[in-house]
Each structure stands twice: as C-alpha cells, then as structure tokens.
Amino acid sequence: MRKVYMDNAATTALAPEVLEQMMPYLTTTFGNPSSVHAFGREARTGIDKARQQVAAALNAEVDEIIFTGCGTESDNTVLLGVAAKYKAKGNHIITTNIEHHAILHTAEYLEKNGCEVTYLPVDQYGRVSAEQVAAAIKDNTILVSIMFANNEVGSIMPIAEIGAVCREKGVLFHTDAVQAVGHVPIDVKAMNIDMLSLSAHKFHGPKGVGALYVRRGIRLPSFVMGGGQEKGRRAGTENTAGVVGLGAAVEMSCAHMEENAKRMTALRNRLMEGIEREIPEVKLNGHRTERLPNNVNYSIRYIEGESILLMLDMNGIAASSGSACTSGSLDPSHVLLALGLDHETAHGSVRLTLGDETTEEDIDYVIDVLKKTAERLRMMSPLYKG
Ligand SMILES: *Cc1c(COP(=O)(O)O)cnc(C)c1O
C-alpha cells in the first residue's frame, strides 16, 4: 500500500542532510559545551555555528538567539517572563483566540494569577488586523503575542503591520512563528518583532529543541533555573546535537524557501482543486490565498473528521483534524469555532499538510481516497440526504 504522510504541521521528517550534520555531536564530539578543554570547545563550536544560522534566517543578531527545549518552552518563557518582569508597568496582555495551546493555556494561567488578557477575535478566515491590535492597546498593556501563521488553518497574520503598531505604541511584540519559520520569509528588524518562538521539528529538524529570539535590550528572567548556560538566559546543559540540527535545518529550509514554496503552493492548489471538483459540499477553512503554502483544511459536510481520519489511515494516509495536541479529544477545534463554524461543520474537518517529500502522485492518490471515503461515510450518515 502507498504511504503518504500529510501531517507536516504536527511534525516533519528529519532531513538526512540535517542528521548527517548532527551525527558527530551524537558520537565523538560529546563534550559539555561549557567545559574549557578541547572536547568542550569543539561542542561549543557547533552551538556557535547554529546560533549564527538562526540569526541569519531571521535577520537577527547572534546574541539575540537563545536555544530552548521546544517551541512550547519558548512561548512559556515570553509570556511568564514578560508578566513577571513588567509587573510594575502593567498586567495586560493581548493575544488572539486561535493561538496554539502553548500560548492560550499560559495566558489562562496568567489570568488566574493577576493578569488581564484580551483574546482578539479573528475573522472568518482566521486573521486579526493591526487596527484591532491598536484599538486593544491600553496604558497597562505590557505584551502583544500573535502567531505568525496558524497551525490548523494556515492563515498568515499581518505581522509587519502589527509590529509597526506595537513599536509606535511602545508595547512589546512577540510572535509564535513555529509554523512560519522555514516556510515564509521573516525579518525581525523590518517587521518590528521583539520576540519570536520557533521549533526545529516543524522544518525538518529534530524534536525537542527550539529557539527564542529576544531583541537586544530586553532581558527576560530564565524560565529554567540553574547553571549559566545561554548567558544565564536558559539553564541546563545544551542539547548540542539538537541545536546543531536546528541550525542546519533552518539554514537548509531558508536556502530553498522560494523554490519550495512555489512547488508546495502548486501541489496545495492541485489538492484543493481536486477536493472541490470531486467532493460536493465541502468548505475550505482559512483564507484561500493568505495561507501557508503547505496547508489544506476542509470541512466535509455530514461526516465526522475522526471517521475520515481512520479511513485515510487504513489507506496509508496520515492526516489530522485540528491540531495533533487536541486530536483524541472530542471537543471541536477552538480554531474552527473561532472562525465561526458550527459544531457539526467543525467536527467534519480534515487537515492535510504537505512536506518537502510530497509528490503529485501523492496528491492524486489522496484526492481519490478522500472522494471514496466521503462517498462511503455519507451513505452511512443519517444527516446526508444525497
Ligand atoms: C508545534 C507548535 C508549537 C509547539 O512547539 P513544540 O516544539 O512542539 O513544543 C507552538 N506553536 C505552534 C503554532 C505550533 O505549531
């Protein structure tokens, strides 16, 4: 049976050339990067190079990059850190109602601990505007945190405009760019971004390693306390091989970004056209053009997303409904509900996210299986009148 992996928003395959660069750090170059002897210095060299690679990918300075344990940790560091550090200035945080749970659950925790949080509503495509952000900023606002691109419906936010508003009003601006890095161009200087989270396993790097960009002049408390690693900004012996892999993966993704985006957009459009041609009564979730080049998300009316996923899986296709973190729960996705979908339509959604390895044959196979799946499940559905 054909095997098609279309869940790249959940995680991506480690690229062979990334593994190759990691290998020495998993074997011979095992020294502790904080040690002063040759073993340590050699490991340190790998981390230094990775920091340059990340800085170059974002147009940041080398000393503005902190390595973390994952994208979630980067997000937690910003929200908890800014809330603690700027307590005297204010307690108001602005975010959106379609953020990843790494942001939303942290914001809810802060609400229970004395912060005030505004969750900006998104439009039917999953976007907020800079005007909404400007209108929500108050005297006690200490942070605006808005994701670069959504992990479920792929909508891309007007980050440069939001950055300009925040800079003008003197409010710190963080973006969870975990889905965007390596896929769309990012320039933290031009976009007035103060802090940015990223995670290696979303762009063909290893799992369990992330990074945080923090603009010079902003000093957050360390989320993990202990030794003086990362100049005191994140304690714990570095995941050297992971960090080296993150650096290699971000460099590789950015070097091929334009051609990859072009190829992926063509494949994505082929998939969207195929679904809309072959399956009646489907609804595209998210924006038709302002979306990640690899993201496709549809509601297929009258049937359950979970049943679709099972049948796709039986045919060798890995897809998802909503995000990986919430699948398995029966609650409909908070993102789809925020876009204004009713519960039934939200339940019937399927997300297909393409990767570097996706081919045209994969796309055509998925269209064919999805069409047959929809027909079969609809025949069994009491809601479907045919
Ligand atoms: C995957 C993801 C995260 C979490 O990153 P991890 O490295 O898996 O902790 C955070 N935000 C978004 C938008 C994501 O897609």
Heavy-atom accessible surface of region 16-255: percent carbon and sulfur, 1.4 Å: 55
The chain: relative contact order as a whole-number percent, Cα under 8 Å and 6+ apart: 22
Extension gain (nm, one decimal) between Thr11 and Arg270, 0.36 nm per residue minus Cα-Cα: 91.0 nm
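Per-residue ellipticity at 222 nm for the chain, helices alone: DSSP H runs ≥ 4 residues times -39500 (n - 2.57), over residue total, nearest 500 deg cm²/dmol? Can you show the working numbers first?
Numbers: 13 runs with 160 residues, N = 386.
Roughly -13000 deg cm²/dmol at 222 nm, from the helical runs in the chain.
May I ask which of Lys85/Lys202; Lys262/Lys283; Lys231/Lys262; Lys169/Lys283; Lys85/Lys112 have a Cα-Cα span longer than 28 Å here? Let's see the in-between values first.
On the way: Lys85/Lys202 30 Å; Lys262/Lys283 24 Å; Lys231/Lys262 39 Å; Lys169/Lys283 39 Å; Lys85/Lys112 17 Å.
Beyond 28 Å: Lys85/Lys202; Lys231/Lys262; Lys169/Lys283.
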Apportionment of accessible area to carbon and sulfur, region 257-379, percent (1.4 Å): 51
The chain: angle of helix 360-380 to the longest principal axis, Cα-based, in degrees nearest 10: 60
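With a cut-off of at most 13 other beta carbons within 10 Å, and DSSP calling the residue loop, which GluC sites (Glu not before Pro) in region 239-346 qualify? Please list them.
Hits after loop and neighbour filter: Glu281.
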Region 22-70 versus region 183-217: alpha-carbon centroid distance in Å: 16
Lys112 versus Arg41: modelled label distance in nm, points set 7 Å from Cα along the beta carbon direction: 5.0
Relative frequency of Cα-Cα separations exceeding 26 Å in region 257-379, percent: 15
For region 151-160, 3J(HN,Hα) per residue [Karplus equation, 6.51 cos²θ - 1.76 cosθ + 1.60, θ = phi - 60°, Hz, x = Gly/Pro]: 6, 9, 10, x, 5, 9, 7, x, 5, 5
Degrees separating the helix 38-58 axis from the principal Cα axis of the chain, which is the longest one: 60
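Roll a 1.4 Å probe over the protein chains and send me the accessible area per residue for region 257-379 in Å². Walk me through the intermediate numbers first.
On the way: 5440 Å² over 123 residues.
That works out to 44 Å² for each residue.
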Whole-Hz couplings from phi, Karplus 6.51/-1.76/1.60, listed for region 103-118; x for Gly and Pro: 8, 4, 5, 5, 5, 5, 4, 5, 4, 6, 10, x, 9, 10, 10, 9
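About the Cα centre of region 16-255, how large is the charge dipole given +1 on each Lys and Arg Cβ and -1 on each Asp and Glu Cβ? Please answer in debye to the nearest 20. List each step's numbers first, then the result.
Values: 21 positive and 25 negative charges, 140 e Å.
Here region 16-255 has a charge dipole of around 680 debye.
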Glu281-Glu20 pseudo-label distance in nm [points 7 Å out on the Cα-to-Cβ vector]: 5.2
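Which of the three applies to region 182-340, rounded, prolate or oblate, going by the alpha-carbon gyration tensor with a ≥ b ≥ c and a/c under 1.5 meaning rounded?
Working: a/c = 2.15, a/b = 1.81, b/c = 1.19.
It comes out prolate by the Cα gyration axes.
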Computed lengthening from Arg2 to Lys89, 0.36 nm per intervening residue step minus Cα-Cα distance: 25.6 nm
Accessible area expressed per residue, region 16-255, with surrounding protein chains retained (probe 1.4 Å, Å²): 39
Table column - 3J(HN,Hα) (Hz), region 250-256, Karplus curve with 6.51, -1.76, 1.60, x for Gly and Pro: 5, 5, 5, 4, 6, 5, 10
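Viscosity 1.002 mPa s, temperature 20 °C: what is the translational diffusion coefficient of region 1-87 from Stokes-Einstein with a Kirkwood Rh over Cα pairs, rounded to a whole number of µm²/s? Let's see the in-between values first.
Values: Rh = 16.1 Å.
The diffusion coefficient I find is 133 µm²/s.
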Nearest 10 degrees, 0 to 90: helix 305-314 Cα axis against the chain principal axis: 90
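Restrict the search to region 253-307; then list the trypsin sites (Lys or Arg not before Pro) that DSSP places in a loop and that have at most 15 other Cβ atoms within 10 Å of their Cβ.
Passing both the DSSP loop test and the Cβ count: Arg288.
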Descending principal axes extents, region 272-315, alpha-carbon based, whole Å: 31, 20, 16
Inter-site label distance for Thr27 and Tyr365 at 7 Å from Cα along Cβ, in nm: 3.2
For the chain: span of alpha carbons on each principal axis (Å, largest first): 69, 53, 33
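Can you tell me how much longer the chain between Lys385 and Ala134 gets when fully stretched, taken as 0.36 nm per residue apart minus their C-alpha distance, in nm with one decimal? Show your work: numbers first, answer last.
Working: separation 251, 0.36 × 251 = 90.36 nm, distance 4.68 nm.
Difference between extended and current length: 85.7 nm.
The values are calculated or read from the model by the stated rules, or taken from the named source; none is laboratory data. All figures in this text were calculated on a predicted structure; none of them were measured in a lab. Heads up, the Cβs are rebuilt from the backbone with ideal geometry, glycines too, and the neighbour counts pull from every protein chain shown. When the accessible area is computed, the model is the full protein with side chains, heavy atoms only, and any ligands, DNA or RNA have been set aside. Shrake-Rupley method; radii C 1.70, N 1.55, O 1.52, S 1.80 Å.
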